[in-house]
Amino acid sequence: MPDTSPRGLTRLAFGGDYNPEQWPESVWQEDVRLMREAGVTMVSVGIFSWALLEPAPGAYDFGWLDRVLDLLHSHGIRVDLGTPTVAPPAWFYRAHPEALPVTAEGMRHEFGSRGAICHGNADYRAAAAAITTRLAERYGSHPALAMWHVHNEYGVPVSACYCDSCAAHFRRWLATAYGTVDAVNEAWGTAFWGQHYTGLEQINPPRATPTVGNPGQALDYRRFTDATIRENFRMERDILHRLSPGVPVTTNFMTALSQCDSLDYWAWGREVDLVTNDHYLITDGRRTHVNLAMAADLTRSVAGGAPWLLLEHSTSGVNWQPRNPAKAPGQMARNSLAHVARGSEGAMFFQWRQSRRGAEKFHSAMLPHGGTDTRVWREVVELGASVDSLSTLRGTRTEADAAMVWDWQSWWAQNLSWRPSEDHDARERADSFYEVLYDRHLTVDFAHPEADLSAYPLVVVPALYLTTEAAGRNLTEYVRDGGTLVVSYFSGIVDEHDAVHEGAYPGALRDVLGLTVEEFSPLLRDDRVRLTGPDGEEPTGDVWTEFVVPRGAETVWTYADGLTAGRPAVTRHRFGRGTAWYVSTRLDTRGLDAVIGRAADDARIAPRADLPRDVEVVRRSGEQGSYLFAINHTAADAKVPLDGPGTELLTGERAAGRLAVPAGAVRVVRLDG
Ligand code: GLA
Ligand code: ZN
């Protein structure tokens, strides 16, 4: 069993991507000196260095990398060493142009950026295996080596390739998955629009078609693509395990739902030794710290609750969004430490030294263009000390209060064309449910729909359009055994082939919800309906309404207008020893909060009314003790009640009773005992 934590790292990880090949060697000495000043413990090296390491086919130049690793080692800095297979050299593409990926429209990409890879291409696989083997042989037992960083952000910027060789792979994949062409016809429903195939060789990837293509084909192509990319990861990982035993292997995920939608990270989480993640704020005006918390919770869940590592985030602005604001003073530390609160074993950045050339020169870094006499540098040095002061919490686990069901495959299916409304967006539902739970100061684990949910008093299902029979049974049993479930509309509708479950909607969840849905009735843009309910509460809904027929469920809120006026809008069903709520419209935040509040009461979750909004409180605990993180995202000083006395680790002060958390500050208390 390979280790799961960076080898030889005795503190939390603090550092970033280090690209010394962009700088003359004279700069490297200053780099390591400043890394020590900032408290850097680990850097990621060589992620894009293939062209420099193998300047001609089979001719290697490891001298510069030898010197980099030795220099880092002599300064006590651990190395997360990249395999550079996301950036094959120009000579490789000249020899193998068919390794460049092809779009659904038939356009072949060009060399000159990064990540232009057809993952089904045999020459690419052979070349990636060769460079990985050479690196593993040379550095597999280098004393600086802490872990292996395979590739970079699989799944972006190109996810699927539609070339002829991928078409051939796809047919083989279908043969394995289905056996016969008739089974494919059945699963995809090709009787529709005369799409029937009489031989597997007639099947292509879902390339551009005059109008909407077959949904089963599109969904299977996403599965095939994910599996193909994962095969390439496994190939590199197995080489590294063989030649560099005991050193953990990772690849950096991007679990934020807005940043990568092409990989099924539930499957990927089982393949890596250590889950690592990259996270960037999407600065479009939303509460970015909520989105950050959600991505961190999702990453921890992909890691099965075990510690994970934040491998990239930014010290300040990025340069790839339409507008890239700088982070406010203190915001970097709040961001970094929120990841740590939610299970990260450190905080790493893209990148160490800001580039002078290339596409990312306006992306912030630990060491900015302006050098050390800058706000960013001073905050980096301060953060390094803060992270170091938390090192005893390594190995502790974040405590969760509730779970949210999430499934990438269901999301893929949901996003296919010709749904009842393009305004319904599964990711938006997940974001909104998460935000309501966040504002109730509940820490959320994410769970696969077929996972054991029995540990959670409350489980929310924001949008699970594709619900397998097994998932339906799982959610049903969860409630029968005493759980509280909240399900949002357009869940439980289709099976794994995007075929509607038999009988009335929502086929997979009818029994547990105690209702059927006769018809969906999406609303026009900007239309709203009013709801009437208990205690005179009158929330509104938009985007979606339904004709709900209770079959055991009680109506809690009723539609007051619109086509569905007089019909149930929100229902509650006592089932077995538990309770299942159903929300048939896109409730406004107040309405959604009211439903979650009632469901939390059913689940006997005590409200945290004593905590101010946007003061994030999260606990990590383990054998070494219990740690309370309090992150004040507001401009006002706050007080956070403590369960008992302890030591505040960032200031070293004793803390008891109500902990003072100044505006914009972070406090971490290690509770006594
Ligand atoms: C990604 C990549 C990095 C860098 C950053 C910039 O996460 O992995 O190489 O491009 O984005 O934000
Ligand atoms: Zn291809």
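The values are calculated or read from the model by the stated rules, or taken from the named source; none is laboratory data. Computed from a predicted structure; not experimentally measured. All Cβ positions, glycine included, derive from the backbone under ideal geometry; neighbour counts span all protein chains shown. Calculation scope for accessible area: heavy atoms of the full protein, side chains included, ligands and nucleic acids excluded. Shrake-Rupley method; radii C 1.70, N 1.55, O 1.52, S 1.80 Å.
Could you count how many residues in the stretch 306-323 are within 8 Å of ligand 1 (Cβ to nearest atom) and either of a type in the set (Asp, Glu) or more than 18 Å from residue 379 (Cα to Cα) (or both)?
3
Restricting attention to the stretch 591-619, report how many residues are basic (Lys, Arg) and at pLDDT below 95. Give the derivation first.
Restricting attention to the stretch 591-619, the residues satisfying the condition of being basic (Lys, Arg) are 598, 604, 608, 613, 619.
Among the residues that remain, those that are also at pLDDT below 95 are: 608.
Summing the residues that are basic (Lys, Arg) and at pLDDT below 95 in the stretch 591-619 gives 1.
Quick one: is residue 220 under 18 Å from the mean Cα position of the chain (by Cα) and either in a helix (DSSP H, G or I) or of a type outside the set (A, V, I, L, M) (or both)?
So residue 220 fails the test.
Are there any pairs, at least 6 apart or on different chains, whose C-beta atoms fall under 7 Å, with the first in the stretch 147-170 and within 19 Å of residue 96 (Cα to Cα) and the second assigned to a strand (DSSP E or B) and near ligand 2 (Cβ under 8 Å from one of its atoms), and if so, which?
161/102; 162/102; 163/102
Looking at 659, 649, 642, 671, can you tell me which residue is closer than 16 Å to residue 618 by Cα and in contact with a helix residue (DSSP H, G or I) (Cβ under 7 Å, 6 or more places away or on another chain)?
On the way: 659 fails: in contact with a helix residue (DSSP H, G or I) (Cβ under 7 Å, 6 or more places away or on another chain); 642 fails: in contact with a helix residue (DSSP H, G or I) (Cβ under 7 Å, 6 or more places away or on another chain); 671 fails: in contact with a helix residue (DSSP H, G or I) (Cβ under 7 Å, 6 or more places away or on another chain).
Exactly one residue qualifies, and that residue is 649.
Looking at residue 123 and the list (1) within 16 Å of ligand 1 (Cβ to nearest atom); (2) in contact with a helix residue (DSSP H, G or I) (Cβ under 6 Å, 6 or more places away or on another chain); (3) open to solvent by 40 Å² or more (accessible area, probe 1.4 Å), which single condition is not satisfied?
Unmet for residue 123, out of (1) within 16 Å of ligand 1 (Cβ to nearest atom); (2) in contact with a helix residue (DSSP H, G or I) (Cβ under 6 Å, 6 or more places away or on another chain); (3) open to solvent by 40 Å² or more (accessible area, probe 1.4 Å): (1).
Within the stretch 157-192, which residues are assigned to a loop (DSSP other than H, G, I, E, B) and either more than 16 Å from ligand 1 (Cβ to nearest atom) or out of contact with any Leu (no Cβ under 9 Å at 6 or more places or on another chain) (or both)? Break it down into steps so the answer makes sense when it comes.
Within the stretch 157-192, the first condition is being assigned to a loop (DSSP other than H, G, I, E, B), and the residues that meet it are 157-163, 179-180, 189-191.
Once the filter is applied, which keeps residues that are assigned to a loop (DSSP other than H, G, I, E, B) and either more than 16 Å from ligand 1 (Cβ to nearest atom) or out of contact with any Leu (no Cβ under 9 Å at 6 or more places or on another chain) (or both), the stretch 157-192 yields 157, 158, 160, 161, 162, 163, 179, 180, 189, 190, 191.
When residue 21 is evaluated against the numbered criteria (1) touching a Leu at 6+ places or on another chain (Cβ under 7 Å); (2) open to solvent by less than 20 Å² (accessible area, probe 1.4 Å); (3) of a type in the set (D, E, K, R), which criterion, by number, is the only one it fails?
(2)
When you go through 326, 303 one by one, which is the residue that is more than 11 Å from ligand 1 (Cβ to nearest atom), open to solvent by 20 Å² or more (accessible area, probe 1.4 Å), within 17 Å of the chain's Cα centre (by Cα) and modelled with pLDDT of 95 or more?
Checking each option against the conditions leaves just 303.
Could you grab me the full set of residues in the stretch 329-386 that are among the polar types (S, T, N, Q), over 24 Å from the mean Cα position of the chain (by Cα) and open to solvent by 10 Å² or more (accessible area, probe 1.4 Å)?
Matches in the stretch 329-386: 354, 372, 374, 386.
State all residues of the stretch 46-66 that are open to solvent by 40 Å² or more (accessible area, probe 1.4 Å), within 16 Å of ligand 1 (Cβ to nearest atom) and not aliphatic (A, V, I, L, M); if no residue qualifies, say none.
Hit for the stretch 46-66 is 48, nothing else.
If residue 94 satisfies every condition in (1) open to solvent by 20 Å² or more (accessible area, probe 1.4 Å); (2) touching a helix residue (DSSP H, G or I) at 6+ places or on another chain (Cβ under 9 Å) but one, which is the exception?
Condition (2) is where residue 94 drops out.
Scanning for something without any contact (Cβ under 8 Å) to a residue 40 or more places away in the chain, among the small types (Gly, Ala, Ser) and within 14 Å of ligand 2 (Cβ to nearest atom), does the stretch 100-113 turn up at least one residue?
For the stretch 100-113, residues without any contact (Cβ under 8 Å) to a residue 40 or more places away in the chain, among the small types (Gly, Ala, Ser) and within 14 Å of ligand 2 (Cβ to nearest atom): absent.
Taking the stretch 460-481 as the region of interest, how many residues are more than 16 Å from residue 402 (Cα to Cα), more than 20 Å from the chain's Cα centre (by Cα) and of a type outside the set (Asp, Glu)?
Total meeting the criteria: 9.
Name, by its number, the condition in (1) open to solvent by 20 Å² or more (accessible area, probe 1.4 Å); (2) touching a residue at least 60 places away in the same chain (Cβ under 8 Å) that does not hold for residue 234.
In the conditions (1) open to solvent by 20 Å² or more (accessible area, probe 1.4 Å); (2) touching a residue at least 60 places away in the same chain (Cβ under 8 Å), residue 234 misses (2) alone.
Among the residues of the stretch 252-276, count how many are in contact with an Asp or Glu (Cβ under 8 Å, 6 or more places away or on another chain), polar (S, T, N, Q) and surrounded by 20 or more Cβ atoms within 10 Å (Cβ to Cβ).
Total satisfying the criteria: 1.
Here is a check on your reading of the model: is residue 292 outside any helix (DSSP H, G or I) and touching a residue at least 24 places away in the same chain (Cβ under 8 Å)?
Spelling it out, it is not the case that residue 292 is outside any helix (DSSP H, G or I) and touching a residue at least 24 places away in the same chain (Cβ under 8 Å).
Open to solvent by less than 60 Å² (accessible area, probe 1.4 Å) and within 16 Å of ligand 1 (Cβ to nearest atom): does that describe residue 116? Please lay out each step first, then the result.
Numbers: open to solvent by less than 60 Å² (accessible area, probe 1.4 Å): yes; within 16 Å of ligand 1 (Cβ to nearest atom): yes.
Yes, satisfied.
Only residues that are open to solvent by less than 70 Å² (accessible area, probe 1.4 Å) and without any contact (Cβ under 8 Å) to a residue 40 or more places away in the chain: list them for the stretch 24-45, please.
As a first pass, look at the stretch 24-45 and keep what is open to solvent by less than 70 Å² (accessible area, probe 1.4 Å): 27-28, 31-32, 34-35, 38-45.
Scanning the stretch 24-45 gives a single hit, 45.
Can you pull out every residue in the stretch 237-251 that is part of a loop (DSSP other than H, G, I, E, B) and open to solvent by 10 Å² or more (accessible area, probe 1.4 Å)? Talk me through it step by step, then tell me what you get.
Residues of the stretch 237-251 that are part of a loop (DSSP other than H, G, I, E, B), as a first pass: 244-248, 251.
Correct list: 245, 246.
The conditions are (1) within 16 Å of ligand 1 (Cβ to nearest atom); (2) at pLDDT 95 or above; (3) assigned to a loop (DSSP other than H, G, I, E, B), and residue 204 fails exactly one of them. Which is it?
Exception for residue 204: condition (1).
Looking only at residues that are in contact (Cβ under 8 Å) with a residue 60 or more places away in the chain and away from ligand 2 (no atom under 16 Å from the Cβ) in the stretch 171-212, which one is surrounded by the most Cβ atoms within 10 Å (Cβ to Cβ)?
Taking the candidates together, the pick is 188.
Check 396, 392 and return the single one that is closer than 30 Å to residue 612 by Cβ, surrounded by fewer than 18 Cβ atoms within 10 Å (Cβ to Cβ) and over 19 Å from the mean Cα position of the chain (by Cα).
392
With the structure loaded, tell me whether residue 71 is in contact with a Ser or Thr (Cβ under 8 Å, 6 or more places away or on another chain), more than 16 Å from ligand 2 (Cβ to nearest atom) and not assigned by TED's automatic domain parsing to the domain that holds residue 28 or whether it fails that test. Steps first, please.
On the way: in contact with a Ser or Thr (Cβ under 8 Å, 6 or more places away or on another chain): no; more than 16 Å from ligand 2 (Cβ to nearest atom): yes; not assigned by TED's automatic domain parsing to the domain that holds residue 28: yes.
Spelling it out, it is not the case that residue 71 is in contact with a Ser or Thr (Cβ under 8 Å, 6 or more places away or on another chain), more than 16 Å from ligand 2 (Cβ to nearest atom) and not assigned by TED's automatic domain parsing to the domain that holds residue 28.
Are there any pairs with C-beta distances below 8 angstrom linking a residue in the stretch 611-624 that is among the small types (Gly, Ala, Ser) to a residue that is surrounded by fewer than 19 Cβ atoms within 10 Å (Cβ to Cβ), with the two at least 6 apart or on different chains, and if so which?
621/397; 621/399; 622/395; 622/397
Mind listing whichever residues of the stretch 651-662 are open to solvent by less than 50 Å² (accessible area, probe 1.4 Å) and among the hydrophobic types (A, V, I, L, M, F, W, C)?
655, 659, 661
Can you say whether residue 430 is touching a helix residue (DSSP H, G or I) at 6+ places or on another chain (Cβ under 9 Å), under 30 Å from residue 472 (Cα atoms) and not in a strand (DSSP E or B), as far as the supplied structure shows?
Details: touching a helix residue (DSSP H, G or I) at 6+ places or on another chain (Cβ under 9 Å): yes; under 30 Å from residue 472 (Cα atoms): yes; not in a strand (DSSP E or B): yes.
In short, yes.
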